[in-house]
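Derivation of every value follows stated rules applied to the coordinates shown; laboratory data play no part. Just so we're clear, the structure is a prediction, and the values are computed from it rather than from any experiment. Cβ sites come from the backbone with ideal geometry, for glycine too, and all protein chains shown count toward neighbours.
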Amino acid sequence: MAIILIGYMGSGKSSVGKQLAQSLNLAYVDLDLMISQKAGKTIQEIFAQDGEDYFRKIESECLADVCEQNSVVATGGGIILKAENRQLLSKQKFVIFLTCEDNELIHRLKADQKNIRPIIQDKTSTEILAIYQQRLPFYQVSATMPIDTTNKSIATIVDEIKEKMEKDT
Ligand code: S3P
């Protein structure tokens, strides 16, 4: 059984995922890294050379693989876009949706320029937040546990998730 982290770009899925995995003594899987390894190129190259549809196809294949594993999985922000992915997520016991208040989200994304995200590369803050709003219902239907990360340290978020998981088991 996998513990899956979902949420928009900049919501903290990778940072929280790594520490959560460590603290639960589970393997950590970064879905973007898995996709990149499978395609043999960076996410940016996949989008530029093969297009978003191809990226989404590999993303779905990788999600299906990791759902079978005992691990903590940080997904990419667009994982909820395809119905087949939402269907897979709906079968998981722990799908943790990391939320974040708009200003902090934009601040985090600006501070993380080295991670090139093709979906928002040439977008304004308003456009970036509009995409988040469009996706919000999909995150909400897919999640079993929403967690607000605004103004919280990674350690606090991890503790909160573990506490809620204990209550749910
Ligand atoms: C995407 C988010 C990225 C990555 C790809 C597409 C998206 O992952 O999967 O660039 O559509 O939101 P992060 O959420 O880890 O940035």
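Loop sites by DSSP among the GluC sites (Glu not before Pro) of the chain, restricted to those with at most 13 other Cβ atoms within 10 angstrom, leave 102-169 as the longest stretch without any of them. The range 143-166 and the range 47-108 have Cα centres separated by 18 Å.
Estimated at 0.36 nm per residue, the fully extended path between Q49 and S90 surpasses their Cα-Cα distance by 11.6 nm. Once you order the gyration tensor axes a ≥ b ≥ c over the Cα atoms, which shape class does the range 80-169 get: rounded for a/c under 1.5, otherwise prolate or oblate by comparing a/b with b/c? Judged from the Cα gyration tensor, the range 80-169 comes out oblate (a/c at least 1.5, b/c at or above a/b). Remark: the N25-Q121 segment gains 31.0 nm on full extension, using 0.36 nm per residue and subtracting the alpha carbon distance.
Computed on the chain, with alpha-carbon pairs under 8 angstrom and 6+ residues apart, the relative contact order is 34 percent. Counting only DSSP H runs of at least 4 residues, each contributing -39500 (n - 2.57), and dividing by the residue count of the chain, the helix-based mean residue ellipticity at 222 nm comes to -16000 deg cm²/dmol. If you take all other residues with their beta carbon under 15 Å from the beta carbon of F97, and give Lys and Arg +1 and Asp and Glu -1, the sum is +2.
Taking a ≥ b ≥ c as the square roots of the eigenvalues of the Cα gyration tensor of the range 1-145, is the shape rounded (a/c under 1.5), prolate (a/b larger than b/c) or oblate? Rounded.
For the cross-link pairs K110/K162; K38/K123; K57/K82; K18/K152, the ones whose C-alpha atoms lie over 18 Å apart are K110/K162; K38/K123. Of the trypsin sites (Lys or Arg not before Pro) found in the range 106-143, the ones in coil according to DSSP and having at most 11 other Cβ atoms within 10 Å of their Cβ are K114. Using a Gaussian network model of the chain in which every pair of alpha carbons under 10 angstrom is joined by a spring, one finds that among T75, T156, T99 the greatest mean-square fluctuation is at T156. Spin-label model, A155 to Q140: label points 7 Å out along the Cα-to-beta-carbon direction sit 3.4 nm apart. Each Lys or Arg adds one and each Asp or Glu subtracts one; over the other residues with Cβ under 11 Å from the Cβ of D50, this totals 0.
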